[in-house]
């Protein structure tokens, strides 16, 4: 957190110094300013001023222009000075020779869109089916930038609350998942209905969901989660990754489903597909590590 102290007025103001310290509303608005900058609507200086005003909760509405000129000018000068702290949200990409905004976090800053609820932090409550289907549209959007792919990805992740959730959540049998279940056999008409409604949501909100998915996708490939006190290096699952070929990647997701089903650990294909994504990842990590140990043992002979 950044801190500003004004001793004469006994005022201390703390405000975010990185995106994970932002509120949900602040992050979504931050993405809005980033998209404005990318479009060329605002320059970097105005971006910093807008972000500073946002994080300090400085309102520059109708009443602001009725302030005395000297007071208004002093406030603007202070905002410009503080805006230099906004450099913490920008980093230099030395390889590509350009400046980039820090945008990725495995925290979901958009927990709800309309009456639809989204996944938790780092795909914690995502099933394998949800992930592989949403991932397909995520990859398609990355290639063609078609908003329909983005809307479909969001419609898979965001779903209505289960009936009588305000009572259901207190039952012992409740698994804590608020969203209606979604699987490969779910009614496509309901999905299309959500897509149509989500398409009308402001783009910067939908783009915030895309950033969340992208950050979680990166974590699945490079993260080091701790399970039962043991750190897992997930990058070891992708040593021979050929994700550039989209058709092979899709087949790989389905192929993995069949391979895991054959082990019988999660049950039938449908049961495996509806298993928690992280349960699948941990089992996959276990299998890969066992294979590597066997290979190392064979080489030593």
* Structure fact -> Exposure proxy check on 133, 157: fewest-to-most Cβ neighbours within 10 Å is 133, 157
* Taking neighbour counts of Cβ atoms within 10 Å as a proxy for exposure, in what order, fewest first, do 106, 38, 288, 31 appear? -> 38, 288, 106, 31
* Asked: Beyond 26 Å, what percent of the Cα pairs of the stretch 112-300 remain?
  -> 37 percent
* Order of 39, 221, 139 - criterion: other Cβ atoms within 10 Å of each residue's Cβ, fewest first -> 39, 221, 139
* **the stretch 154-178-the stretch 77-123 distance, computed between alpha-carbon centres (Å)** => 29 Å
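Quick note: the coordinates plus some simple rules give every number you see, no bench work behind them. Quick caveat: nothing in here was measured; it's all calculated off a predicted structure. Glycine gets a Cβ as well: all are built from the backbone with ideal geometry, and neighbour counts include every protein chain shown.
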